[in-house]
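Nothing in this text is a laboratory measurement; each read-out follows from the coordinates by a stated rule. Keep in mind that this is a model prediction, so the values were computed, not measured. All Cβ positions, even for glycine, are placed from backbone atoms using ideal geometry, and neighbour counts span all protein chains on display.
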Amino acid sequence: MADKILRVDAASFLDLSLKIPVADVRSPGEFRQGRIPGAVNIPLFDDSQRAMVGALYTHQGRAEAAISGIGMIAPELSGKMKKAMELSQGGDLLLYCWRGGMRSESMAWLFSAAGMKPVILEGGYKAYRNFILSSLAEKKKYIILGGLTGSGKTSVLKELESLGQQITDLEGLACHKGSAFGALGQKEQPSSEHFANLLYSEISFKNPSKPLWLEDESKNIGTVFMPDPFYSNMRDAPVIALMIPAEVRLPRLIEEYAVFPKDELLASIQKISRRLGGDKTHTASAAVLHDDFETAIKIVLDYYDIAYRYGLSKRDKEKVIVIETDTADTRTNALRVLEAAQGLLT
């Protein structure tokens, strides 16, 4: 039966996934670590079963592992079949495991027995990862929107999108705003592995002949690390940096962060205490406790401004366009950025 089941490469599999549901038959732990975006987990084995079957495979061989594995999951097969039938559309279903081997073949046989038409990802999730990481390593037309902390870069990006530009919100994908305070109010971050999956899924729909705007970021966004080649390409791309006076940025930052619990703000200050120094850390923390958010943010902002200006100075000066602006108005700044980028848009 397994020989009659269609297998396709990663590129074809992803094309098919635009119209056919995808089942990830790996264990829940593997699925949580990273998956093809949009896939539904219908695991052949749970995490403990997978560990036991893997140990049997290593020490006693494939046959013994298969026999024991079937015994473990036999009572659950009808439930897995029912879930797959609910997921599939017209009987069509894409599925993958780690390498496209025993787990995919077993589940494809099971689903075929129910009249479904499964298609297996050749090489499994590993092949998918190799494919997307190779794609993310390719040179593309990136334009980096930079600027001092509190410049409203994410809002400007979204305004650029409304003006017809292509953007990808890296911080949105990472569920983090990039600074020591970036986790406040955010959902749990994806793993670095799954971030790359989400990033490919986002970028793959963009027009490669047009520039793609990205926000200037460090190598890591919170606990998420960007793929090395992708980040290197970002570093080589032209930068348009918004330089807005601190007093203009302060109201936005106060409005954004003063709403969070003080213990969370204090914990965020502690994350950069070694860089702030003891005196500034103490002053900023005391200011938060006394609702003096302006003083606290000024201290933190001074640190981030120095760090960003230093980082910008390390870039190729011929690829940096600085926009001095005295307004926090998103529309105005987006139009100024777009005007400055005219030579990069062709």
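Before moving on, here are some points about what is shown:
- Rounded to 10°, Cα long-axis angle of helix 47-60 versus longest principal axis of the chain: 60 degrees
- Backbone amide hydrogens, once placed in the peptide plane, bring W98 within less than 5 Å of Y125, excluding anything fewer than 5 places away on its chain.
- Taking a ≥ b ≥ c as the square roots of the eigenvalues of the alpha-carbon gyration tensor, the range 140-344 is classed prolate because a/c is 1.5 or more and a/b outweighs b/c.
- Cα gyration tensor, the chain - rounded (a/c under 1.5), prolate or oblate: prolate
- Helix 246-257 and the longest principal axis of the C-alpha atoms of the chain enclose an angle of approximately 40°.
- Gyration tensor verdict on the range 49-202 (Cα atoms; rounded if a/c is under 1.5, prolate if a/b is larger than b/c, oblate otherwise): prolate
- Percent RCO, i.e. relative contact order, over the chain, from Cα pairs under 8 Å lying at least 6 residues apart: 17 percent
- Rounded to the nearest Hz, the phi-derived 3J(HN,Hα) couplings of the range 154-169 under the Karplus curve 6.51 cos²θ - 1.76 cosθ + 1.60 (θ = phi - 60°) are 5, 5, 5, 4, 5, 5, 4, 5, 5, 8, x, 8, 8, 9, 9, 8, where x marks glycine and proline.
- Rounded to the nearest 20 debye, the dipole size of the range 1-107 about its Cα centre is 40 debye, using +1 on the Cβ of Lys and Arg and -1 on the Cβ of Asp and Glu.
- Compared with the direct C-alpha span, the chain from D47 to L289 gains 82.6 nm at full extension, assuming 0.36 nm per residue.
- Under a model in which nothing but the beta-carbon of Lys, Arg (+1) and Asp, Glu (-1) is charged, the chain shows a dipole of about 900 debye around its Cα centre.
- The residue list T283, Y200, G185 was ranked by how far each Cα lies along the charge dipole of the range 171-300 toward its positive end, using unit charges on Cβ atoms, and Y200 comes out on top.
- When you filter the trypsin sites (Lys or Arg not before Pro) in the range 244-346 for DSSP loop state and at most 10 other Cβ atoms inside 10 Å of their Cβ, you are left with K314.
- Of all DSSP bridge pairs formed entirely within the chain, close to 10 percent run antiparallel.
- Over 23 Å apart at the Cα level, from the set K140/K219; K139/K314; K271/K314, are K271/K314.
- Residue ranges 67-80, 131-144 sort as 131-144, 67-80 when ordered by packing (mean number of other C-beta atoms within 10 Å per residue, highest first).
- With neighbours defined as other Cβ atoms within 10 Å of a residue's Cβ, the residues W98, W109 order from fewest to most as W109, W98.
- Rough spin-label spacing in nm, given labels placed 7 Å along Cα→Cβ, for A246 and S134: 5.0 nm
- Degrees separating the helix 102-113 axis from the principal Cα axis of the chain, which is the longest one: 60 degrees
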